[in-house]
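A.B. asks: Sharing a structure with you now.
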Number of protein chains: 2
Amino acid sequence: MANKKITKRDEDFAKWYTDIVSAAHLASYSNVKGCIILEPYGYLIWERMQKVLDEMFKKSGHQNIAMPMLIPESLMKKESELINGFAPEVAWVTEGGTNKLEERMCIRPTSETLFSDYYSNIVKSYRDLPIKYNQWCTVMRWEKETRPFLRGREFWWQEGHTVHETKEEAEEETRFIMEEVYKKFFYDYLAIPSITGLKTEKEKFAGAEYTLTNEALMYNGVSLQAGTSHYFGQKFSKAYDIKFLNRENKWDYVYQTSWGTTSRMIGAVIMVHSDDDGLVLPPKIAPLEVVIVPIGREKDIQDLALKYQEALASKDISVMIDNSEKSPGFKFSEAEVKGIPIRIEIGQRDLENGEVTIVRRDTKEKMQIKKDADIASFVQETMDKMQKDLLEKALIRRDKMTYTAKTLDEVKKIMDNEPGFIKADWCGDPECELKMKEIKGLKSRCILENEKPITGKCVVCNKEAKHLVVWGIQY
Amino acid sequence: MANKKITKRDEDFAKWYTDIVSAAHLASYSNVKGCIILEPYGYLIWERMQKVLDEMFKKSGHQNIAMPMLIPESLMKKESELINGFAPEVAWVTEGGTNKLEERMCIRPTSETLFSDYYSNIVKSYRDLPIKYNQWCTVMRWEKETRPFLRGREFWWQEGHTVHETKEEAEEETRFIMEEVYKKFFYDYLAIPSITGLKTEKEKFAGAEYTLTNEALMYNGVSLQAGTSHYFGQKFSKAYDIKFLNRENKWDYVYQTSWGTTSRMIGAVIMVHSDDDGLVLPPKIAPLEVVIVPIGREKDIQDLALKYQEALASKDISVMIDNSEKSPGFKFSEAEVKGIPIRIEIGQRDLENGEVTIVRRDTKEKMQIKKDADIASFVQETMDKMQKDLLEKALIRRDKMTYTAKTLDEVKKIMDNEPGFIKADWCGDPECELKMKEIKGLKSRCILENEKPITGKCVVCNKEAKHLVVWGIQY
């Protein structure tokens, strides 16, 4: 029984997506153009994501810090590529109180400039290095077209900024964050089999030497960039004068990185796992893992609900009993919309057989278990299986929608059918990237660093190929 | 041995304060005028405070949400008292990207307007009520004079915004937050014996029916307002049209509250508990509770350090071993500057006697205990005692610095000696408040609702007194 509030996914994917955003109370539009309100349930999911990532950052020696939200224009301008990249899309503060400011300031679109300025004040010697800071905040980019979680003027994110003594150490950090943090988080928590690789010169972050990216494939074959890690070399440290005395007692500039993930990950979870009944959440990021629905007020039903709640909570499984005035059917549907991984139904008829019903959100599989079974173990095992199955299912779909193309004709044929990840050789010329874009907006998602070109010839110009690239259309 | 980086408290209180802020790496000045950088150790303390308060909010049925950081001017203007109160001190965004905006927007100085606008969209019936939301974010107020944590253009805070069916319920919420959350947090966690009461009409929040306030007395006798809770009645709900169908199926306007605490609490902890050696942190909000300093690399010393670390960590006591290349004296001093509640020194000479030394940060008391003692219990008991003693000590000082005055001459005499809380009767006339301000800037801190006037006559005009008021000078 599909949810009436939600458009069918195969009918209108975009509408299905925004229907889930509002039906599950993840976010709503505000009266501030281009800005969303992150509603309680969306915020809880973001808190879960934050908690896991924050622990991963802290475990690997990163510390949180908070910078101002405003950046004076002169500070922003010190690194020319960055300002060129971001100037067209920042919000400018020009008045404070009743006065016009002498210098306008932008609301941070990203904080490399502030961190660099700060590092230039606190770094003196190699003994001070490395410094590995992270910030949780919102940033603002004056986007014209917006879509909840995927693109918005204000969004929630974390931005890491680190400075190092050597090139090697900074490059290692850039890769560590991508492979050991972001990719792991996508696989192990979000159950999304993303691919990682190098951005082309055209697609890299303004001011970076290079950018590593985490790219995920949505249900409809569209790519979503979710997580990037940048290596800056000494570009910013020279522009912002971040000098230190090295081991030879000579002045040198630090090697720098930055990296970020955003609330866009909530959008990815919707578009990879969810269905016509609403959100499907991988148990590891579900704010509420189990809902118990007692069907009736009878004492034996209510007692069992309480007993289960206690047993689950004692194993750190988050659980609530839904004793609200709504009908059981309504409660089931609500739990489905919200993507609560496990539903336990306790009804009189089942109880007479000494059983209760457990329902898995993703498969809708109904399982009868003995009412005296070890409920916490059963639920935990079911959730572990669900977590694994979601990844497996997404992996099968990703592989099915990953194509290889040797010629432009093949590329066109694939795109006429349905979009996906298209692997094809590339010579390295940005002109060829532009040619690809003419095919329904295809862009290079990333260079696969560990895979060799397929034919050895660029799919566009037929000249010698330098890289195997994954192409796709993007949100 | 006083810390050389820190000015003596009794020599120059203001300098002592900012010295601690920088020596303990709590915050540093940024190149963005009036905005600070919340440095890692300051951020950790803020995270501790957030965690405790967030749990208290959630336990009492509040949910987190996040609103946009910008407020269109027209939305801001709907409630006239609020805009009059805040307009002189907001930052205005007037350009987005390369375009001038049709309507300027301010960076939120507080978010009543956004919450009210949102509630007007989602509230339909009494069945939707109450709604109790909270937001963690930064806000911006274009202050001219700033001081780290105490007053700044951008600061960290939480703002709760609730809507209710009845006046009684909203008033109960206003009081609950003040008495059961803020005051409890100050007493039980910050070990600060604050006083709570009602703001006068002149000092209440712009747009509120009334404001409850939490006022703390600093070491130097200056008051700090830290935490307010506002009852709005139907003022905002009428201005923003937040209507609902009540139980009689008639339209009514919701009753509303808002309340907030800020990163200013970090300033309060410094100015109430700290000393010439640096920060003193109540154990319950210390990010790191114990530092173990092994004096030497010998195996028996290092083994014992590890054993203690394990024993403490297993009881959820946060602990680190300082094996850095610095001298023991330097490490002791650093632990003192950071206000780490307990220091364990493991030295060869002590060990030969089968003992180790435990030092309490607040009293500097050195305790020898048997090396095989139950370290976790001893540390926990010592911290519990320290937590209690800090409150007790602050309470004694607060009471010593709380005066009563029956005449203006008495007020002046007190203020010529040293400032503090001055209890004196007041008729209720704002003119008399202005008169008090002529005495070194004295302002009403709060009306003591449960205490009767002392003489029955206003300390300024001698007319009949309505209230007993606490007066003080403020940060």
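A.B. asks: State the extension gain, in nm to one decimal, for the chain segment bounded by B:Asp241 and B:Lys33, taking 0.36 nm per residue of separation less the distance between their alpha-carbons.
C.D. replies: Details: separation 208, 0.36 × 208 = 74.88 nm, distance 3.81 nm.
Going from the current span to full extension adds 71.1 nm.
A.B. asks: Shortest first and in nm with one decimal, please list how far the B:Ser377 label point sits from its counterparts in the other copies (point 7 Å along Cα→Cβ).
C.D. replies: From this label point to the equivalent ones elsewhere in the assembly: 3.4 nm.
A.B. asks: How far apart are the A:Glu169 label points across copies, placing each 7 Å from Cα toward Cβ, in nm, shortest first?
C.D. replies: 5.8
A.B. asks: Ok, one more. In debye to the nearest 20, how big a dipole does the protein assembly as shown give about its Cα centre with +1 on each Lys and Arg Cβ and -1 on each Asp and Glu Cβ?
C.D. replies: 1060
A.B. asks: Follow-up. Defining a contact as two alpha carbons under 8 Å apart and six or more residues distant in sequence, what relative contact order in percent does region B:402-472 show?
C.D. replies: Worked out over region B:402-472, it gives 40 percent.
A.B. asks: Which value results when the Cα radius of gyration for region A:403-472 is divided by 2.2 N^0.38 Å?
C.D. replies: In units of the 2.2 N^0.38 Å rule of thumb, it is 0.95.
A.B. asks: Please list, in order, the residues from region B:141-177 whose amide nitrogen is less than 18 Å from a point placed 7 Å along the Cα→Cβ vector of B:Lys15.
C.D. replies: B:148
A.B. asks: Using the Cα centre of chain A as the reference point, and only Cβ charges (+1 on K/R, -1 on D/E), how large is the resulting charge dipole? Debye, rounded to the nearest 20.
C.D. replies: Charge dipole of chain A: 640 debye, to the nearest 20.
A.B. asks: Thinking of region B:262-392 as a set of Cα atoms, what percent of all their pairs are more than 23 Å apart?
C.D. replies: Summing the P(r) tail past 23 Å for region B:262-392 gives 29 percent.
A.B. asks: If r is the Cβ-Cβ distance from A:Glu169 to B:Glu55 and R0 is 35 Å, what FRET efficiency results, to the nearest 0.05?
C.D. replies: Values: r = 38 Å, r/R0 = 1.10.
So, using R0 = 35 Å, E works out to roughly 0.35.
A.B. asks: Would you tell me the mean number of C-beta atoms belonging to other protein chains that fall within 10 Å of each C-beta in B:86-92, as a whole number?
C.D. replies: Across B:86-92, the average partner-chain Cβ count within 10 Å equals 5.
A.B. asks: Something else now. What FRET efficiency comes out for the pair A:Arg151/A:Tyr187, r = Cβ-Cβ distance, R0 = 30 Å, nearest 0.05? Numbers along the way, then the final one.
C.D. replies: On the way: r = 25 Å, r/R0 = 0.82.
Computed FRET efficiency for A:Arg151 and A:Tyr187: 0.75.
A.B. asks: For peptide B:24-32, how many partner chain Cβ atoms fall within 10 Å of a residue's Cβ, on average?
C.D. replies: 4
A.B. asks: Want the number for A:Arg349 to A:Thr402: 0.36 nm per residue separation, take away the alpha-carbon distance, what's left?
C.D. replies: 14.3 nm
A.B. asks: Filter the GluC sites (Glu not before Pro) in region B:1-77 down to the DSSP loop ones having no more than 13 other Cβ atoms within 10 Å, then list what survives.
C.D. replies: Qualifying residues, ordered by number: B:Glu11.
A.B. asks: If you don't mind, there's one more thing I want to ask. May I ask you to derive the relative contact order of region B:243-360, considering only C-alpha pairs under 8 Å and at least 6 residues apart, and to give it as an integer percent? Show your work: numbers first, answer last.
C.D. replies: On the way: 154 pairs, mean separation 31.8, N = 118.
Relative contact order here is 27 percent.
A.B. asks: What average number of partner chain Cβ atoms lie no more than 10 Å from the Cβ of the residues making up A:67-75?
C.D. replies: Neighbouring Cβ atoms belonging to other protein chains average 6 per residue here.
A.B. asks: Along the charge dipole of region B:20-156, Cβ charges K/R +1 and D/E -1, which of B:Asn64, B:Ser111, B:Leu101 sits furthest on the positive end?
C.D. replies: B:Asn64
A.B. asks: Now a separate question. Using DSSP, restrict attention to beta bridges with both residues in the protein assembly as shown and report what percent are antiparallel, rounded to the nearest 5. Write down the numbers at each step before the final one.
C.D. replies: On the way: 145 of 177 bridges.
Here the share of antiparallel DSSP bridges comes out near 80 percent.
A.B. asks: Could I ask something else about it? Quick one: if you stick a label point 7 Å off each Cα along the C-beta vector at A:Cys137 and A:Lys77, how many nm between them?
C.D. replies: It works out to 2.2 nm between the two label points.
A.B. asks: For region B:226-312, run through the trypsin sites (Lys or Arg not before Pro) and keep only the ones in DSSP coil with at most 13 other Cβ atoms within 10 Å of their Cβ.
C.D. replies: B:Arg247, B:Lys250, B:Arg297
A.B. asks: Let me ask something else. Relative contact order of chain A, please, whole-number percent, based on alpha carbon pairs below 8 angstrom and at least 6 residues apart.
C.D. replies: Once divided by the residue count of chain A, the mean separation gives 14 percent.
A.B. asks: OK, next. Using +1 on the beta carbon of Lys and Arg, -1 on that of Asp and Glu, and nothing else charged, what's the dipole of region B:13-273 about the Cα centre, debye to 20?
C.D. replies: The dipole of region B:13-273 has a size of about 280 debye.
A.B. asks: To continue, here is another question. Taking 41 Å as R0, compute the FRET efficiency from the Cβ-Cβ separation of B:Lys326 and A:Lys144 and round it to 0.05.
C.D. replies: 0.15
A.B. asks: Shifting gears a bit: Just to confirm the numbers: A:Lys437, label point 7 angstrom along the Cα-Cβ line, distances to the other copies in nm, shortest first?
C.D. replies: 6.0
A.B. asks: Also, I was wondering about something else. Taking 29 Å as the cut-off for C-alpha to C-alpha distance, list the pairs among A:Lys59/A:Lys388; B:Lys58/B:Lys202; A:Lys183/A:Lys385; A:Lys199/A:Lys393; A:Lys199/A:Lys364; A:Lys4/A:Lys183 that go past it.
C.D. replies: Pairs exceeding 29 Å: B:Lys58/B:Lys202; A:Lys199/A:Lys364; A:Lys4/A:Lys183.
A.B. asks: Moving on. Rg and Dmax of the protein assembly as shown over Cα atoms: what are they, in angstrom?
C.D. replies: In Å, with Rg to one decimal and Dmax whole: 30.2, 98.
A.B. asks: What is the list of residues in region A:278-298 whose amide nitrogen lies under 15 Å from a point 7 angstrom out from the Cα of A:Ser318, following Cα to Cβ?
C.D. replies: Only A:280-292 fall inside the zone, counting backbone N under 15 Å.
A.B. asks: Any idea which of B:Ile301, B:Leu279, B:Thr407 is furthest toward the positive side of the dipole for the protein assembly as shown, if Lys and Arg beta-carbons carry +1 and Asp and Glu beta-carbons -1?
C.D. replies: Projecting each Cα onto the dipole axis, the largest value belongs to B:Thr407.
A.B. asks: For region B:187-218, run through the GluC sites (Glu not before Pro) and keep only the ones in DSSP coil with at most 16 other Cβ atoms within 10 Å of their Cβ. Write out the running numbers ahead of the final one.
C.D. replies: Numbers: sites: B:Glu201, B:Glu203, B:Glu209, B:Glu215; in loops: B:Glu201, B:Glu203, B:Glu209.
Passing sites in region B:187-218 are B:Glu201.
Throughout, read-outs are computed from the coordinates displayed, never taken from laboratory work. Keep in mind the model is a prediction, meaning the values are calculated, not measured. With ideal geometry, Cβ positions are generated from the backbone for all residues, glycine too; neighbour counts draw on all protein chains shown.
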